[in-house]
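All remarks here apply to the structure that follows.
What follows is calculated from the coordinates using simple rules that are stated; it is not laboratory data. In this text, all values refer to a predicted model and were calculated from it rather than measured experimentally. FYI the Cβ positions are ideal-geometry reconstructions off the backbone, even for glycines, and counts take in every protein chain you see.
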Amino acid sequence: MNNKKTHSFKKKHYNNPSPVNQKSRSNLNNQQIYRPKTRQRLNLSDIIKIASLNIKGITDVKKQFLIDILGEYNITILGLSETNISNKMAKHSFNFYRNNYVTYFANEETNYRGNGVGLIIKKNYARHIVNYNSFKGRIIYVDFIFSGNKKMRIINYYGKSGRVTLDNFNQEVKIYFDKIKELVRESKAQNAEIILLGDFNLHYEKYLDDKNNNRKMKKEHKLFEWIEDEQNFYDPFYIMFDNLSQHSLNTFYPFNTNQNPSRIDYIWVTENLFSETQECKIVNTTTINTDHR
């Protein structure tokens with residue numbers, strides 16, 4: 001698809017991260033955990049490249065775009081939001097590319113438009129997956145155990161968009177926040193490192209502004225407070241880019257040009273992973289029809 005807007009997605013690099021030790025108990029979308037004949041464990045001496053993108057619906061054209069990007073940037077793990085494909089469709093979405101990557105997708109069984117999350121993972125890393133599961137088509141997570149019993153959980157979250165009121169916060173937002181908190185606590189109890197990424201549909205800068213000016217915090221922004229202050233997660237983009245102008249961090253560029261760009265996509269990491277982060281960047285692309293970078 002042709003799109004005049006410049007689009008890209010976030011990418012992080014980790015060197016030797018200490019990546020969750022749980023029994024394999026899920027058959028998410030009837031997919032099977034990848035079990036190659038070769039059992040050699042990675043020691044994570046190579047750089048791991050993590051990326052996140054709101055794909056705004058997976059199509060055949062966008063599949064080819066993703067394949068090109070995965071190869072060009074040698075991405076290890078890509079989290080996708082707003083896939084807009086059913087669980088049945090997801091089973092066969094990337095069959096022709098499964099020599100190199102393993103895919104995990106999840107969505108609501110009936111109302112899959114405007115929902116859907118996925119993870120695309122290089123096979124040599126996917127062999128270390130010991131568990132995966134999902135929650136209501138907006139959260140998907142995988143657990144790894146690497147050499148030396150090093151554990152890591154990746155949680156991909158696609159937040160609800162639109163105006164938040166007290167009623168729909170309790171009914172439609174809080175349940176996802178509670179699930180994220182459960183998954184984080186569960187991981188930490190197993191001494192696992194955690195990567196929490198995705199399109200949160202939340203504005204971190206607005207949260208900071210309210211916090212720094214002692215204003216009442218919006219309910220939906222309390223997730224940031226919990227992640228950052230209580231759980232000691234780090235936002236490498238905000239920290240490593242703090243000497244740049246604010247617009248450099250924008251990840252959402254509305255098709256409606258009357259609306260301002262903003263930052264609603266994130267990759268949060270635990271302290272050990274942050275200390276080993278070598279680089280983070282927003283990669284520009286021009287070949288996909290999405291309003292996210």
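In terms of the mean number of neighbouring beta-carbon atoms within 10 Å, the peptides 178-184, 213-219 order highest first as 178-184, 213-219.
Just list whichever of 88/281; 63/123; 151/216; 56/281; 62/219 have alpha carbons separated by over 26 Å in the model shown. Numbers along the way, then the final one.
Working: 88/281 34 Å; 63/123 18 Å; 151/216 37 Å; 56/281 21 Å; 62/219 35 Å.
Beyond 26 Å between Cα atoms: 88/281; 151/216; 62/219.
Here's the list of aspartates and glutamates a cross-link from residue 222 could span, going by alpha-carbon distance under 18 Å and ignoring same-chain residues fewer than 8 apart: 167, 172, 178, 182, 199, 205, 209, 210, 230, 235, 265. Taking other residues whose beta carbon is less than 10 angstrom from the beta carbon of residue 211, and scoring Lys, Arg as +1 and Asp, Glu as -1, yields -3.
Charged neighbours of residue 87, selected by a Cβ distance under 14 Å, balance to +3 (K, R count +1; D, E count -1).
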